[in-house]
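A.B. asks: Quick one: structure below, then a few questions.
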Amino acid sequence: MKGREEQSLRRRLAGIFFVWLAGCCLCACSGERRPPEDALLIGQAAEPRSLDPHVVTTTNDFRILAQMYEGLVRFQPGTLEVGPGLAERWTVDDGGRRFTFHLREGVRFHDGSVLDAEAVRFNFERLLDPDHPQADTGPFPMSFLFDRIETITTPDERTVVFTLSEPYGPFLSNLAYPSGFIVSPAAVREHGRRFGRHPSGTGPYRLRNWERRQWVELERFEGYRGAPARTPRVVFRALTDENARLTAMVAGELDILLEVPADIIGYFRERPGMAVAEATGPHLWFLILNTREPPFNDRRVRQAVNYAIDKESLVRDLLQDTAVVARGAFADAFAWARDPDLEPYPHDPDRARKLLEEAGAVGTRLHLLAPSSGSGMLEPLPMASAIQADLARVGLDVRIEVFEWNTFLARVNAGLTRPGEMAQMAWMTNDPDTLPSLTLSSTALPEAGGFNSGFFENVELDALLAAARRTTDLDARARYYRQADRLIHEEAPWAFVASWRQNAVHRVEVRGLQLEPSFLFDLAGVEKGARPRPGVSVWRGQLFEAVSLLALPTSTDLKASRRGGGGVHVPGADGSAHLKASNYGPKGAKGAWRVHGNNAGHLPPQQGLPIGWPFTQGVASLALGYRLLPPWGKRGVPPPEDHEEGRQ
């Protein structure tokens, strides 16, 4: 790194170091409960919505659930190929309509009940039968994955037979996904809708404690069917503020940090005692466009947005090459399924402007919905600013509305309505069928419980996806998906932006961590060695490094960019302070930020903060047990809909 980017990074790290020192003093005076010292401590962007694998939809939740539950089959290490799980073997016959699974013997759930064929049948009937006694413990948004199941029979205690309504190519892959994990029927019957707080699976870890808005603590399950987990306890810490997560990692409060920001990953690569794990996978970051209403009911406007966004610059300058430009709806990880001749939409502002003029859409005001953070969302606020500026250059007036992650999901999944014609989204999937079938099929509209939030409907696409699902022949499936890839690219129901290369930072004492293409990981084989205590010379060196870094001029621009422009500061929805730069647009570009979510407050326009504030807030709240508020903050007061918007 050189020039301004290097200075921005060094200032950011200086703030982290000084907050670490402040945090040491604060923690000494605090009586707050701390995570257990012998646990593997993992930092991620949000706490889970639930620990019931059948009711959640995000990778943030799935990572935790993958330690507690298992499916009939599982993804093999390092691949998306399916291998044995709770079923030791299976057969497929009747032209791909009948799947017979033979269960492992002697498997027990965390609550002591036995895994048998009836338990498996309970799980899928709970998902699919609206008259099932536990159907009211949902909703089950991913039940789409299993709606081809026609009957489930149990010839004996260890045999389960699924008969499908038609051959279904993705069936085994869907069973390996967290939505196919097997839960304890006894626990569901006992706890009902509270099962998500009292989970019971068959995995190597079970729930020990869930401190709301702080952490989920898992402990080794001594009755696990396989080799016991190497680490006795695992703690997933919910740190919604990006700067608080970085602070915790540098201060030694985390062993693993997930989804590290692009502008800081290079620092961790070079820092002694740290290591970076990376892996490619089927990830896609895109903008959902409301195709039901103007202006995006016109294909020319949708294509114009794709031409207007400078994706190469986003990937290179903002994401620091931690992602690649997306070609279309199928990620490169599904090379066998995507059209090899399809190229990304080029950055062509002139063509975009011409299409907008033809459609009469120049000057249209739009609202872009974005989360403050979230699983797989990369850099949502800086990316929103960059896209806002690119669209302004071709004549679209975009306002940005920011939501806390779970609030954002609820808003978007209900379907895009005005104001909110566009929304950021990212999916990590297990099969090329999953994303288009759940988000672009006319059978997956929000009113039907699906994720087609942009209301896109195309009869030809529906037919192609249905044909691909009805065959188990991989070559035949590939032919249908390649046609679908070209059609989706041409119709442009989304703005296709980037595919992420996932990463995680961990301490060198952590051994055995492997990121998977499925975006899950197995912590049972990970162990945490003893961490050496730093001597006086090390403490002195860190203090000297912090002082020398602060010799640079201070600035509130924590995320420098090469694209120039004005700044925006966004308060976090949980009361924390998010300090984000908006240096991506031309001076004078119009735009607005509105923040939504639990405990959200509005930030007066152009109000700055001392550079150390977000970091101090993050560590101090951990130490004192409550959130420190930014100088303007009002906790617990969501913004009224008619609140005046703050302009950039």
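The values are calculated or read from the model by the stated rules, or taken from the named source; none is laboratory data. What you see is a predicted model; the values in this text were computed from it and never measured. All Cβ positions, even for glycine, are placed from backbone atoms using ideal geometry, and neighbour counts span all protein chains on display. Areas reflect the complete protein model, heavy atoms only, side chains present, ligands, DNA and RNA absent. Shrake-Rupley method; radii C 1.70, N 1.55, O 1.52, S 1.80 Å.
A.B. asks: Looking only at residues in the range 476-490 that are touching a Leu at 6+ places or on another chain (Cβ under 8 Å) and open to solvent by 10 Å² or more (accessible area, probe 1.4 Å), which one is farthest from E460 (Cα to Cα)?
C.D. replies: H489
A.B. asks: Considering (1) assigned to a helix (DSSP H, G or I); (2) within 25 Å of T472 (Cβ to Cβ), say which one D136 fails and leave the rest.
C.D. replies: (2)
A.B. asks: Ok, one more. Would you be able to say whether some residue in the range 155-168 is part of a loop (DSSP other than H, G, I, E, B), at pLDDT below 95 and surrounded by 22 or more Cβ atoms within 10 Å (Cβ to Cβ)?
C.D. replies: Looking through the range 155-168, at least one residue is part of a loop (DSSP other than H, G, I, E, B), at pLDDT below 95 and surrounded by 22 or more Cβ atoms within 10 Å (Cβ to Cβ).
A.B. asks: Within the range 185-226, count every residue that is among the small types (G, A, S), outside any helix (DSSP H, G or I), modelled with pLDDT of 95 or more and surrounded by fewer than 17 Cβ atoms within 10 Å (Cβ to Cβ). Let's see the steps before the verdict.
C.D. replies: From the range 185-226, those among the small types (G, A, S) are 186-187, 192, 196, 200-201, 203, 223, 226; that's our starting set.
With outside any helix (DSSP H, G or I) added as a condition, the list becomes 200-201, 203, 223, 226.
The next check asks that each one be modelled with pLDDT of 95 or more; those that pass are 200-201, 203, 223.
When the remaining residues are screened for being surrounded by fewer than 17 Cβ atoms within 10 Å (Cβ to Cβ), the result is 223.
Residues meeting the conditions: 1.
A.B. asks: In addition: Consider F236 carefully, then state whether it is crowded, with 19+ Cβ neighbours inside 10 Å, hydrophobic (A, V, I, L, M, F, W, C), touching a residue at least 24 places away in the same chain (Cβ under 8 Å) and within 23 Å of S372 (Cα to Cα).
C.D. replies: On the way: crowded, with 19+ Cβ neighbours inside 10 Å: yes; hydrophobic (A, V, I, L, M, F, W, C): yes; touching a residue at least 24 places away in the same chain (Cβ under 8 Å): yes; within 23 Å of S372 (Cα to Cα): yes.
When the stated conditions are applied, F236 passes them.
A.B. asks: Next question, about the same structure. So which of L145, L175 ends up being buried (at least 20 other Cβ atoms within 10 Å of the Cβ), assigned to a helix (DSSP H, G or I), modelled with pLDDT under 95 and touching a Gly at 6+ places or on another chain (Cβ under 8 Å)?
C.D. replies: Values: L175 fails: modelled with pLDDT under 95.
Of the residues listed, the single one that is buried (at least 20 other Cβ atoms within 10 Å of the Cβ), assigned to a helix (DSSP H, G or I), modelled with pLDDT under 95 and touching a Gly at 6+ places or on another chain (Cβ under 8 Å) is L145.
A.B. asks: Given (1) β-branched (V, I, T); (2) closer than 22 Å to P380 by Cβ; (3) modelled with pLDDT of 95 or more, identify the lone condition not met by V234.
C.D. replies: Failing condition for V234: (2).
A.B. asks: If you don't mind, another one. Name the pairs whose Cβ atoms lie under 7 Å apart, with the first residue in the range 437-453 and farther than 18 Å from P170 by Cβ, the second open to solvent by 10 Å² or more (accessible area, probe 1.4 Å) and part of a helix (DSSP H, G or I), and 6 or more positions between them or separate chains?
C.D. replies: Sorted first by the residue in the range 437-453, then by its partner, the pairs are S442/D462; P446/N413; S453/N413; S453/P446.
A.B. asks: Failed condition for D350, given (1) closer than 26 Å to R399 by Cα; (2) out of contact with any helix residue (DSSP H, G or I) (no Cβ under 6 Å at 6 or more places or on another chain); (3) acidic (D, E); (4) touching a residue at least 24 places away in the same chain (Cβ under 8 Å), with all others met?
C.D. replies: Of (1) closer than 26 Å to R399 by Cα; (2) out of contact with any helix residue (DSSP H, G or I) (no Cβ under 6 Å at 6 or more places or on another chain); (3) acidic (D, E); (4) touching a residue at least 24 places away in the same chain (Cβ under 8 Å), only one is false for D350: (4).
A.B. asks: Additional query: Pairs under 6 Å by beta carbon, first residue small (G, A, S) in the range 157-168, partner open to solvent by 10 Å² or more (accessible area, probe 1.4 Å), six or more apart or different chains?
C.D. replies: Partner pairs satisfying both residue conditions: S165/R148; S165/E150.
A.B. asks: Which residue out of G415, G360 is in contact with a helix residue (DSSP H, G or I) (Cβ under 9 Å, 6 or more places away or on another chain) and small (G, A, S)?
C.D. replies: On the way: G360 fails: in contact with a helix residue (DSSP H, G or I) (Cβ under 9 Å, 6 or more places away or on another chain).
Going through G415, G360 in turn, the sole match is G415.
A.B. asks: State all residues of the range 64-74 that are open to solvent by less than 10 Å² (accessible area, probe 1.4 Å) and in contact with a Leu (Cβ under 6 Å, 6 or more places away or on another chain); if no residue qualifies, say none. Step through it out loud before you land on a result.
C.D. replies: Going residue by residue through the range 64-74, those that are open to solvent by less than 10 Å² (accessible area, probe 1.4 Å) are 64-65, 67-69, 71-73.
Across the range 64-74, the qualifying residues are Q67, G71, L72, V73.
A.B. asks: Against the definition (closer than 17 Å to S437 by Cβ and not aromatic (F, W, Y)), how does S184 come out, yes or no?
C.D. replies: Working: closer than 17 Å to S437 by Cβ: no; not aromatic (F, W, Y): yes.
The answer is no for S184.
A.B. asks: I would also like to ask the following. Being open to solvent by 20 Å² or more (accessible area, probe 1.4 Å), over 30 Å from G360 (Cα atoms) and acidic (D, E) is the filter here, so list the residues in the range 249-294 that pass it.
C.D. replies: Across the range 249-294, the qualifying residues are E253, E259, D263, E270, E278.
A.B. asks: From the list E379, E357, pick out the single residue that is buried (at least 19 other Cβ atoms within 10 Å of the Cβ) and among the charged types (D, E, K, R). Can you show your working first?
C.D. replies: Working: E357 fails: buried (at least 19 other Cβ atoms within 10 Å of the Cβ).
None of the others qualify; the one that does is E379.
A.B. asks: Can you find a residue in the range 297-305 that is open to solvent by 40 Å² or more (accessible area, probe 1.4 Å) and touching a residue at least 24 places away in the same chain (Cβ under 8 Å)?
C.D. replies: Here is the first cut: in the range 297-305, the ones open to solvent by 40 Å² or more (accessible area, probe 1.4 Å) are 297, 299-300.
With the extra rule that they be touching a residue at least 24 places away in the same chain (Cβ under 8 Å), the set shrinks to 299-300.
There is at least one residue in the range 297-305 that is open to solvent by 40 Å² or more (accessible area, probe 1.4 Å) and touching a residue at least 24 places away in the same chain (Cβ under 8 Å).
A.B. asks: In the range 253-269, how many are at pLDDT 90 or above and either closer than 25 Å to A323 by Cα or not acidic (D, E) (or both)? Explain how you work it out, then say what you get.
C.D. replies: At the first step, the residues of the range 253-269 found to be at pLDDT 90 or above are 253-258, 268.
With either closer than 25 Å to A323 by Cα or not acidic (D, E) (or both) added as a condition, the list becomes 254-258, 268.
Summing the residues that are at pLDDT 90 or above and either closer than 25 Å to A323 by Cα or not acidic (D, E) (or both) in the range 253-269 gives 6.
A.B. asks: Here is a further query. How about the range 330-348: which of its residues are open to solvent by 40 Å² or more (accessible area, probe 1.4 Å) and assigned to a helix (DSSP H, G or I)?
C.D. replies: Within the range 330-348, D332, A333 qualify.
A.B. asks: Which one of these is surrounded by 23 or more Cβ atoms within 10 Å (Cβ to Cβ) and either among the β-branched types (V, I, T) or in contact with a strand residue (DSSP E or B) (Cβ under 6 Å, 6 or more places away or on another chain) (or both): S437, S385, S372? Let's see the steps before the verdict.
C.D. replies: Working: S437 fails: either among the β-branched types (V, I, T) or in contact with a strand residue (DSSP E or B) (Cβ under 6 Å, 6 or more places away or on another chain) (or both); S385 fails: either among the β-branched types (V, I, T) or in contact with a strand residue (DSSP E or B) (Cβ under 6 Å, 6 or more places away or on another chain) (or both).
Matching residue, one of S437, S385, S372: S372.
A.B. asks: Separate question: Inside the range 89-135, can you point out the residues that are over 14 Å from P185 (Cα atoms), out of contact with any Phe, Trp or Tyr (no Cβ under 9 Å at 6 or more places or on another chain) and loosely packed, with under 15 Cβ neighbours inside 10 Å?
C.D. replies: Those that are over 14 Å from P185 (Cα atoms), out of contact with any Phe, Trp or Tyr (no Cβ under 9 Å at 6 or more places or on another chain) and loosely packed, with under 15 Cβ neighbours inside 10 Å: D94, G95, E105, G106, D129, P130, D131.
A.B. asks: Still on this structure, I have one more. Read through the list (1) under 27 Å from D147 (Cβ atoms); (2) modelled with pLDDT under 95; (3) charged (D, E, K, R), then give the number of the only condition that R418 fails.
C.D. replies: Unmet condition: (1).
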